[in-house]
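K.L.:
Sharing a structure with you now.
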Amino acid sequence: MPLAPLTTLNVGGPARFFTLAESEDQIISAFDHAERSRQRVFVLGGGSNLLVSDRGFDGLVIQVRLKGKEFNGDLITAQAGEDWDPLVEACVDRNLGGIECLSGIPGSVGGTPVQNVGAYGQEVSERIVTVRCFDRREREIVELSNAACGFTYRSSIFNSTERERFVVLAVTYRLNEGGAPNIEYKDLRDYFADLGPTLSEARAAVLRIRREKSMVIDRDDPNSKSAGSFFKNPIVAVGVLDKIVGSINEPVPHFPVGENVKIPAAWLIERAGFAKGFSLGQAGISANHTLAIINRGGAKAAEIIDLKERIQDTVSQKFGILLQPEPVFVGFD
């Protein structure tokens with residue numbers, strides 16, 4: 001089964017075995033079959049934060065397609081296979097605030113707690129109440145509280161300490177009925193100036209800003225064939241920031257994170273000499289957003305990796321910071 005068409009980057013080889021799971025029972029049965037046949041398993045969601053190797057995945061890929069959503073006051077429960085942006089739109093239409101700045105993000109509901117998806121001043125961890133999961137180790141379905149998920153910046157137990165243990169089945173969020181939109185992020189503050197937008201207006205602004213950066217999937221936009229932001233914004237000690245400022249003798253954009261600071265990865269990449277539109281074979285940097293590595297047409301996973309490593313090595317040599325990638329890498333071991 002070709003995997004490239006199931007990812008937003010459209011790169012990578014096939015799965016040896018593939019199954020589409022549309023119920024919890026089908027998911028459990030697929031894992032039972034994989035255990036009996038001693039097959040490795042990869043769980044695929046919306047394919048938006050993923051890089052598959054050129055040789056593909058030598059095992060069973062289970063694509064989770066559980067569907068359904070339920071609205072109960074300020075509580076919203078969505079199945080893991082629901083597309084994320086239509087859920088955001090449905091919440092905004094119901095005047096439920098708290099995820100409007102996450103509009104336009106590709107992928108499915110099941111991926112949101114894994115990466116602690118965030119953008120424009122919001123993170124899903126601020127809204128998640130519980131995550132319903134299949135516990136692969138204990139072979140049972142469990143409900144994990146927000147605290148049990150261990151959320152940090154772009155991270156959770158699902159992609160760190162308990163990687164490959166839990167399969168997300170559904171997520172329950174608590175939003176604000178009639179809540180005002182979050183416009184703390186600079187791009188949104190500049191967009192609205194002193195105006196007080198509605199949730200719908202905030203969503204529309206986010207979508208417009210993301211489209212201008214080619215961060216909304218659009219078949220007519222070659223710069224949108226990406227895995228989203230490829231690198232995390234590094235969080236470093238204040239001393240590291242001071243050293244960078246001293247070495248280049250110019251202000252460095254940063255944001256406080258506890259006792260540390262967050263430096264925009266895009267700024268580091270650009271200052272390391274990688275301009276928008278830079279290319280290496282059929283892999284490239286988006287012409288509209290420095291953080292996005294794109295498939296320029298027929299790119300191989302090896303080309304994406306080469307570009308990733310060149311960016312990491314150059315930024316590390318210039319600033320002493322090793323950028324960490326956001327996507328999940330499949331079939332590279």
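K.L.:
Across 5 Å bins from 0, what is the distribution of all Cα-Cα pair distances for region 29-107, in whole percents?
P.N.:
In whole percents, the pair-distance histogram is 3, 13, 19, 18, 14, 11, 9, 8, 4, 1.
K.L.:
Residues with amide H under 5 Å of Gly12's amide H, sequence separation 5 or more or different chain, H placed in the peptide plane at 1.01 Å from N; which?
P.N.:
Those qualifying (amide H under 5 Å, at least 5 residues apart or on another chain) are Ala301.
K.L.:
I've got another one for you. Please report the antiparallel percentage of the DSSP beta bridges confined to the chain, to the nearest 5.
P.N.:
Bridges in the chain that DSSP calls antiparallel: roughly 75 percent.
K.L.:
Taking all protein chains in place and a 1.4 Å probe, what share, in percent, of the accessible surface of the chain do carbon and sulfur account for?
P.N.:
About 46 percent, which is the carbon plus sulfur part of the accessible surface.
K.L.:
Tell me, what is the FRET efficiency for Asp194 and Val257 to the nearest 0.05, using R0 = 30 angstrom and their Cβ-Cβ distance as r?
P.N.:
The formula returns an efficiency of 0.60 here.
K.L.:
Shifting gears a bit: Would you calculate the separation in nanometres between label points at Ala90 and Glu177, each defined as 7 Å from the Cα along the Cα-to-beta-carbon direction?
P.N.:
Taking the simple label geometry, Ala90 and Glu177 are separated by 1.8 nm.
K.L.:
Could you work out the Kirkwood radius for region 1-54, taking every pair of different alpha carbons, averaging 1/r and inverting it, reported in Å?
P.N.:
Hydrodynamic radius (Kirkwood, Cα only) of region 1-54 equals 12.0 Å.
K.L.:
Right, here's the next one. Quick check on region 1-155: of the DSSP beta bridges with both residues there, what percent are antiparallel, nearest 5%?
P.N.:
Within region 1-155, antiparallel bridges account for around 60 percent of the total.
K.L.:
Further question on the same structure: Quick one: if you take sqrt(5λ) for each eigenvalue of the C-alpha gyration tensor of region 91-216, what semi-axes come out, biggest first, whole angstrom?
P.N.:
In descending order, the three semi-axes are 30, 15, 12 Å.
K.L.:
Restrict the search to region 1-97; then list the trypsin sites (Lys or Arg not before Pro) that DSSP places in a loop and that have at most 16 other Cβ atoms within 10 Å of their Cβ.
P.N.:
Arg38, Arg40, Arg55, Lys67, Arg94
K.L.:
Still on this structure: Would you grab the residues whose amide H sits under 5 Å from the one on Phe231? Only those 5+ places off in sequence or on another chain, please, with H modelled 1.01 Å from N.
P.N.:
For Phe231, the qualifying residues are Glu326.
K.L.:
Once you list every other residue whose beta carbon is under 11 Å from the beta carbon of Glu212, what net charge do they have if Lys and Arg are +1 and Asp and Glu are -1?
P.N.:
+2
K.L.:
Classify region 275-319 from the C-alpha gyration tensor, please: rounded if a/c falls under 1.5, else prolate or oblate depending on whether a/b exceeds b/c.
P.N.:
Since a/c reaches 1.5 but b/c is at least a/b, the shape of region 275-319 is classed as oblate.
K.L.:
Extension gain Arg271-Val129, at 0.36 nm per residue separation less the Cα-Cα distance, in nm?
P.N.:
Full extension from Arg271 to Val129 adds 47.1 nm.
K.L.:
If you don't mind, there's one more thing I want to ask. Starting from the Cα gyration tensor of region 130-186, multiply each eigenvalue by 5, take the square root, and state the resulting semi-axes largest first in whole Å.
P.N.:
27, 15, 7
K.L.:
Direction-averaged shadow area of the convex hull around the Cα atoms of region 188-274, nm²?
P.N.:
That works out to 8.0 nm².
K.L.:
Using the alpha-carbon centroid of each, what span in Å lies between region 235-288 and region 37-98?
P.N.:
Here the two parts' Cα centres lie 31 Å apart.
K.L.:
Of Leu241, Leu96, Leu51, which has the largest mean-square fluctuation in a 10 Å C-alpha GNM of the chain?
P.N.:
Ranking Leu241, Leu96, Leu51 by mean-square fluctuation puts Leu241 first.
K.L.:
Same structure, new question: Label points 7 Å out from Cα along the Cβ direction at Asp58 and Leu20: separation in nm?
P.N.:
According to this spin-label approximation, the distance is 2.8 nm.
K.L.:
In percent, how large is the relative contact order of the chain, given Cα pairs closer than 8 Å and 6 or more residues apart?
P.N.:
17 percent.
K.L.:
Quick one: the Cα spread of the chain along its three principal axes, in angstroms, biggest first?
P.N.:
Its Cα atoms span 60, 49, 41 Å along the three principal axes.
The values are calculated or read from the model by the stated rules, or taken from the named source; none is laboratory data. Note that the structure is predicted; figures quoted are calculated from it, not measured. Cβ atoms come from the backbone with ideal geometry, glycine included; neighbour counts cover every protein chain shown. When the accessible area is computed, the model is the full protein with side chains, heavy atoms only, and any ligands, DNA or RNA have been set aside. Shrake-Rupley method; radii C 1.70, N 1.55, O 1.52, S 1.80 Å.
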